[in-house]
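**Q** I'd like to ask you about the structure that follows.
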């Protein structure tokens, strides 16, 4: 048997009995995929990990809390043998041979009748890798090949032509806080499939360099107090290109619906009858403080955090923020788009009861190579911003968590 390679095949297990012997780490890794495949899973094991037990409690599988017994593979289509008892594994494997049940042996691949490939998924495709050399069955090697293929499909560096009609429309993609590695897998895949990309200045700009030459990139940068593309013009551009049958990606910084005006664009597309897909992104409100070593919540320090926009001052009639109530909270306050208004914001918070000694951190260009952190207090933040030349984009964190770090300064 060792002279011949394994024959690759995809099992359709929906509604079919699969027996798993052993509830340890191997079962914990393999069970989610079996459940996702719709298998009728019977787990036979006197004990199980907490995660496996939670799956049983949730009704995702049937768990019989006992050791393996002859006859357990009756009616099974497939079996995973992963107990710590070598003799029981051998007996179950022999039963599988008698009953013609394909069996994976976690303890002895040479005695198994089936092997589990290193598998991954991307864009409706399952990638499964098996070694063809029985003498060199290194799981790290097959996993590395799988990862390379899946990553290539996800980031668009590995493109396979297909005849399927591609759905047109617009995808509102949250690009994350700036580091191109922090965009979601789905967002990166949609970028790779785009014909037109309308990008914000705060989106992950490095990703634009990876786009094929035929992709049209439209700059929708909204530079503070400089050139900008009006929201109506952005909406019209999205609609115009989508109506031409093109796949359009609106690449935005952070998350489309966190001060990103994403809903305005979604509403405009809906009115025009254009299909719209929303791809959430990692919001800078939590990711940028985290990248600077600041947790927005911390046990015994802050049990809540509030995210507000600081693009208009507290005394501006357009402001919708209840700054007086925010000043009374004991948790963390995260302010976006507030660098030039932070002086008046700090004064308002202090006037309504927040201590002037409250720590403040400003994190500029968070998650990028240009990231820097400047610390102050509510009493000093206005002059610190000027002295240190802090410029947007910057996330401002107000609260005791600013003093919490790896060494527990709070």
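**Q** Every residue in the range 135-169 that is at pLDDT below 70 and surrounded by 14 or more Cβ atoms within 10 Å (Cβ to Cβ), please.
**A** Of everything in the range 135-169, those that are at pLDDT below 70 and surrounded by 14 or more Cβ atoms within 10 Å (Cβ to Cβ) turn out to be 137, 155, 156.
**Q** Got at least one residue in the range 2-12 being surrounded by 15 or more Cβ atoms within 10 Å (Cβ to Cβ) and in contact with a strand residue (DSSP E or B) (Cβ under 7 Å, 6 or more places away or on another chain)?
**A** no
**Q** Please determine whether any residue of the range 383-405 is more than 30 Å from residue 175 (Cβ to Cβ) and at pLDDT below 95.
**A** yes
Every residue, every condition in (1) over 20 Å from residue 178 (Cβ atoms); (2) not in a strand (DSSP E or B), yes or no:
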position	(1), (2)
341	yes, yes
367	no, yes
370	no, yes
373	no, no
405	yes, yes
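**Q** Could you check the range 220-338 for helices (runs of 4 or more DSSP H) lying wholly inside it with 2 or more residues that are without any contact (Cβ under 8 Å) to a residue 12 or more places away in the chain? Reasoning before the result, please.
**A** Details: elements: 231-243, 262-271, 284-291, 323-328.
Because the criterion is at least 2 residues that are without any contact (Cβ under 8 Å) to a residue 12 or more places away in the chain, the helices (runs of 4 or more DSSP H) in the range 220-338 that meet it are 231-243, 262-271.
**Q** If you don't mind, there's one more thing I want to ask. Looking for something surrounded by 14 or more Cβ atoms within 10 Å (Cβ to Cβ) and out of contact with any strand residue (DSSP E or B) (no Cβ under 7 Å at 6 or more places or on another chain) - is there at least one such residue anywhere in the range 70-84?
**A** The initial filter retains those residues of the range 70-84 that are surrounded by 14 or more Cβ atoms within 10 Å (Cβ to Cβ), namely 72-73, 76-83.
Restricting the remaining residues to those that are out of contact with any strand residue (DSSP E or B) (no Cβ under 7 Å at 6 or more places or on another chain) gives none.
Checked against the condition, which is being surrounded by 14 or more Cβ atoms within 10 Å (Cβ to Cβ) and out of contact with any strand residue (DSSP E or B) (no Cβ under 7 Å at 6 or more places or on another chain), the range 70-84 yields no hits at all.
**Q** Can you tell me how many residues within the range 170-186 are surrounded by fewer than 24 Cβ atoms within 10 Å (Cβ to Cβ) and touching a residue at least 40 places away in the same chain (Cβ under 8 Å)? Lay out the reasoning, then the answer.
**A** Of the residues in the range 170-186, the ones surrounded by fewer than 24 Cβ atoms within 10 Å (Cβ to Cβ) are 179-182, 184-186.
So of that shortlist, the ones also touching a residue at least 40 places away in the same chain (Cβ under 8 Å) come out as 179, 182, 184-186.
Residues meeting the conditions: 5.
**Q** Examine the range 170-190 for a residue that is over 21 Å from residue 238 (Cα atoms), assigned to a loop (DSSP other than H, G, I, E, B) and at pLDDT below 85, and state whether such a residue exists.
**A** no
**Q** Right, here's the next one. State whether the residues of the range 350-361 include one that is farther than 30 Å from residue 205 by Cα, assigned to a helix (DSSP H, G or I) and either in contact with a helix residue (DSSP H, G or I) (Cβ under 6 Å, 6 or more places away or on another chain) or touching a residue at least 24 places away in the same chain (Cβ under 8 Å) (or both). Outline the logic, then answer.
**A** Initially, the range 350-361 is screened for residues farther than 30 Å from residue 205 by Cα, giving 350-359.
Right, trim to assigned to a helix (DSSP H, G or I) and you get 350-351.
After this cut, where a residue has to be either in contact with a helix residue (DSSP H, G or I) (Cβ under 6 Å, 6 or more places away or on another chain) or touching a residue at least 24 places away in the same chain (Cβ under 8 Å) (or both) as well, the list is 350-351.
Within the range 350-361 (the criterion being farther than 30 Å from residue 205 by Cα, assigned to a helix (DSSP H, G or I) and either in contact with a helix residue (DSSP H, G or I) (Cβ under 6 Å, 6 or more places away or on another chain) or touching a residue at least 24 places away in the same chain (Cβ under 8 Å) (or both)), the answer is yes, since at least one residue qualifies.
**Q** Shifting gears a bit: Inspect all residues belonging to the range 381-395 and state whether any of them is in a loop (DSSP other than H, G, I, E, B), more than 29 Å from residue 252 (Cβ to Cβ), touching a strand residue (DSSP E or B) at 6+ places or on another chain (Cβ under 8 Å) and in contact (Cβ under 8 Å) with a residue 12 or more places away in the chain. Even if it seems obvious, please write down each step before you answer.
**A** To start, the set of residues in the range 381-395 that are in a loop (DSSP other than H, G, I, E, B) comprises 389-393.
Now narrow it down to the ones that are more than 29 Å from residue 252 (Cβ to Cβ): none.
Scanning the range 381-395 turns up no residue that is in a loop (DSSP other than H, G, I, E, B), more than 29 Å from residue 252 (Cβ to Cβ), touching a strand residue (DSSP E or B) at 6+ places or on another chain (Cβ under 8 Å) and in contact (Cβ under 8 Å) with a residue 12 or more places away in the chain.
The values are calculated or read from the model by the stated rules, or taken from the named source; none is laboratory data. Values in this document were obtained by computation on a predicted structure and should not be read as measured data. Because the Cβ atoms are built from the backbone with ideal geometry, glycine has one as well, and the counts that use them run over all protein chains shown.
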